[in-house]
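Student: There's a structure below that I have some questions on.
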Amino acid sequence: MDGEELTEQETALYDRQIRVWGANAQRRLTKSHILVSGIKGTVAEFCKNIVLAGVGSVTLMDDSLVNEEALNANFLIPPDENAYRGKTVAEICCDSLKDFNPMVLVSVEKGDLSARSTEFFEKFDVVVIGYGSLATKKAVNEKCRKLSKRVAFYTVDCRDSCGEIFVDLQDYKYTKKKLEEKVECELNFPSYQEAVSVPWKPIPRRTAKLYFAMRVIEVFEENEGRKHGQCSLLDLPTVLEIKKKLCEANTVSESHVPDSLLERLITGTIEFPPACAIVGGILAQEVIKAVSGKGEPLKNFFYYDAQDGKGVMENISNSFTS
């Protein structure tokens with residue numbers, strides 16, 4: 001990402017941003033290549049933000065067809081059925097994103113993300129998985145970690161008015177200001193596999209309940225062979241039984257995961273647009289920070305719940321057990 005200088009056209013277009021984070025940061029953005037898989041409301045917000053920020057390219061993967069849920073929160077899909085008939089979500093979103101910033105190369109990649117080889121991910125600087133299965137998130141994260149270059153890895157999941165972001169920047173160096181001086185800092189991030197496998201017992205009680213609830217839902221969907229959001233109130237007894245087993249295995253009280261929260265997550269299968277805007281905005285901000293090397297990144301989970309309007313960061317790692 002340390003290629004040529006900004007062109008005159010880029011300098012003029014991104015003038016305001018350059019004034020905020022500098023020409024070097026903008027240059028790194030314009031040379032970055034982002035892969036995005038799974039495009040619903042929150043990811044649509046994210047894509048819009050990074051395209052406006054002026055990344056080099058965005059590659060979209062989502063072979064699903066447009067349905068009522070997609071129309072509810074994904075503003076990149078036009079309401080006219082004639083505009084999207086016969087096209088995939090990725091193809092429709094690609095057309096819309098090109099209008100936001102013609103200087104960003106937006107393209108579509110078809111196929112199953114989890115079936116891609118490790119080498120496929122080498123051409124990207126950032127990989128974002130939206131609404132992926134537990135197996136896909138683990139597998140893709142491990143492939144990114146095997147590469148000789150550092151690929152920033154993110155997952156995002158929104159259910160009802162709740163959102164989760166996961167970040168893995170591996171060994172990441174960045175600069176931040178301290179008493180008007182620039183300080184070089186370094187953070188070590190755990191993989192997705194490591195972060196979701198941390199025993200619950202040592203994790204502080206103040207930790208967001210959403211962390212535990214999301215793990216229960218992930219296990220439910222994996223056990224039942226369900227895709228993201230393929231659940232209803234009829235599944236609640238099974239979900240509660242999984243919660244009970246996970247709490248017993250981790251020797252914690254079942255109060256760690258409120259039943260009411262799990263019920264919200266399995267019945268609220270349609271995203272809440274205001275929550276999409278907030279979580280998608282936070283995700284875009286984090287990707288911009290990681291690419292530009294400016295500012296302290298989020299480590300390593302972020303949670304948002306529109307019911308109380310709070311957003312919290314949680315650092316979940318094996319440090320709790322050491």
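Student: Name the residues in region 123-144 that are farther than 22 Å from V55 by Cα, open to solvent by 50 Å² or more (accessible area, probe 1.4 Å) and either in contact with a strand residue (DSSP E or B) (Cβ under 9 Å, 6 or more places away or on another chain) or assigned to a helix (DSSP H, G or I) (or both), would you?
Tutor: Those that are farther than 22 Å from V55 by Cα, open to solvent by 50 Å² or more (accessible area, probe 1.4 Å) and either in contact with a strand residue (DSSP E or B) (Cβ under 9 Å, 6 or more places away or on another chain) or assigned to a helix (DSSP H, G or I) (or both): A135, K138, E142.
Student: All but one of (1) out of contact with any strand residue (DSSP E or B) (no Cβ under 6 Å at 6 or more places or on another chain); (2) among the aliphatic types (A, V, I, L, M); (3) assigned to a helix (DSSP H, G or I) hold for L283; state the number of the condition that does not hold.
Tutor: Going through (1) out of contact with any strand residue (DSSP E or B) (no Cβ under 6 Å at 6 or more places or on another chain); (2) among the aliphatic types (A, V, I, L, M); (3) assigned to a helix (DSSP H, G or I) one by one, L283 breaks only (1).
Student: Regarding region 258-276, can at least one residue be identified that is open to solvent by 40 Å² or more (accessible area, probe 1.4 Å), in contact with a Pro (Cβ under 7 Å, 6 or more places away or on another chain) and in a loop (DSSP other than H, G, I, E, B)?
Tutor: No, there is no match, as no residue in region 258-276 is open to solvent by 40 Å² or more (accessible area, probe 1.4 Å), in contact with a Pro (Cβ under 7 Å, 6 or more places away or on another chain) and in a loop (DSSP other than H, G, I, E, B).
Student: Is at least one residue of region 169-182 in contact (Cβ under 8 Å) with a residue 24 or more places away in the chain, touching a Ser or Thr at 6+ places or on another chain (Cβ under 9 Å) and β-branched (V, I, T)?
Tutor: No - not one qualifying residue is present in region 169-182.
Student: Filter region 11-44 down to residues that are in a helix (DSSP H, G or I) and open to solvent by 30 Å² or more (accessible area, probe 1.4 Å), then give me how many there are.
Tutor: Of the residues in region 11-44, 13 are in a helix (DSSP H, G or I) and open to solvent by 30 Å² or more (accessible area, probe 1.4 Å).
Student: Determine if region 205-222 includes at least one residue that is at pLDDT below 95, exposed (fewer than 14 other Cβ atoms within 10 Å of the Cβ) and farther than 21 Å from A306 by Cβ.
Tutor: yes
Student: Looking at region 188-203 only, could you name the residues that are open to solvent by less than 40 Å² (accessible area, probe 1.4 Å) and more than 19 Å from the chain's Cα centre (by Cα)? I'd like the intermediate steps shown before the answer.
Tutor: Filtering region 188-203 for residues open to solvent by less than 40 Å² (accessible area, probe 1.4 Å) gives 189-192, 195-196, 198, 200, 203.
Within region 188-203, V198, W200, I203 meet the criteria.
Student: Sort out which residues of region 61-83 are aliphatic (A, V, I, L, M) and in contact with a strand residue (DSSP E or B) (Cβ under 6 Å, 6 or more places away or on another chain), and write them in order of number.
Tutor: M61
Student: Right, next: Going by the structure shown, is I92 at pLDDT 90 or above, part of a loop (DSSP other than H, G, I, E, B) and of a type in the set (V, I, T)?
Tutor: The answer is no for I92.
Student: Further question on the same structure: Please give the number of the condition L187 fails out of (1) outside any strand (DSSP E or B); (2) under 29 Å from A275 (Cα atoms).
Tutor: So L187 meets the others, but not (1).
Student: Counting just the residues of region 225-243 that are of a type in the set (D, E, K, R) and open to solvent by less than 80 Å² (accessible area, probe 1.4 Å), which one comes out farthest from the chain's Cα centre (by Cα)? If you could, list the steps in order and put the result at the bottom.
Tutor: Let us first name the residues in region 225-243 that are of a type in the set (D, E, K, R), namely 226-227, 235, 241, 243.
From what's left, open to solvent by less than 80 Å² (accessible area, probe 1.4 Å): 226, 235, 243.
Values: R226: 20, D235: 26, K243: 24 Å.
Step by step, filter region 225-243, then rank; the result is D235.
Student: Here's something else I'd like to know. If you go through region 245-254 one residue at a time, do you hit one that is open to solvent by 50 Å² or more (accessible area, probe 1.4 Å) and within 30 Å of G56 (Cβ to Cβ)?
Tutor: No, the conditions are met nowhere in region 245-254.
Student: Do we have E8 as of a type in the set (D, E) and either open to solvent by less than 30 Å² (accessible area, probe 1.4 Å) or touching a residue at least 12 places away in the same chain (Cβ under 8 Å) (or both) here?
Tutor: no
Student: Pairs only if they're at least six apart or on different chains, beta carbon under 7 angstrom, first in region 273-295 and assigned by TED's automatic domain parsing to the domain that holds V55 and closer than 11 Å to G41 by Cα, second of a type in the set (D, E) and open to solvent by 10 Å² or more (accessible area, probe 1.4 Å); list them, first residue then second.
Tutor: Cβ pairs passing all conditions: C276/E45; A277/E45; G280/E45.
Student: Quick one: count up the residues across region 72-108 that are more than 20 Å from the chain's Cα centre (by Cα) and more than 30 Å from E122 (Cα to Cα).
Tutor: 9
Student: Name the pairs whose Cβ atoms lie under 9 Å apart, with the first residue in region 215-244 and assigned by TED's automatic domain parsing to the domain that holds H256, the second open to solvent by 60 Å² or more (accessible area, probe 1.4 Å) and among the basic types (K, R), and 6 or more positions between them or separate chains?
Tutor: V219/K245; F220/R226; E221/K227; D235/R226
Student: Out of all the residues in region 170-178, is one or more in a helix (DSSP H, G or I) and out of contact with any helix residue (DSSP H, G or I) (no Cβ under 7 Å at 6 or more places or on another chain)?
Tutor: Just the residues of region 170-178 that are in a helix (DSSP H, G or I), to begin with: none.
Within region 170-178 (the criterion being in a helix (DSSP H, G or I) and out of contact with any helix residue (DSSP H, G or I) (no Cβ under 7 Å at 6 or more places or on another chain)), the answer is no, since none of the residues qualifies.
Student: Quick one: in region 47-77, of everything that is in contact with a Leu (Cβ under 9 Å, 6 or more places away or on another chain) and assigned to a loop (DSSP other than H, G, I, E, B), which residue is farthest from K289 (Cα to Cα)?
Tutor: I77
The values are calculated or read from the model by the stated rules, or taken from the named source; none is laboratory data. If you're wondering where the values come from, they're calculated on a predicted model, not measured in any experiment. We place every Cβ from the backbone using ideal geometry, glycine too, and count neighbours over all the protein chains shown. Heads up: the accessible areas ignore ligands, DNA and RNA and are worked out on the full protein's heavy atoms, side chains in. Shrake-Rupley method; radii C 1.70, N 1.55, O 1.52, S 1.80 Å.
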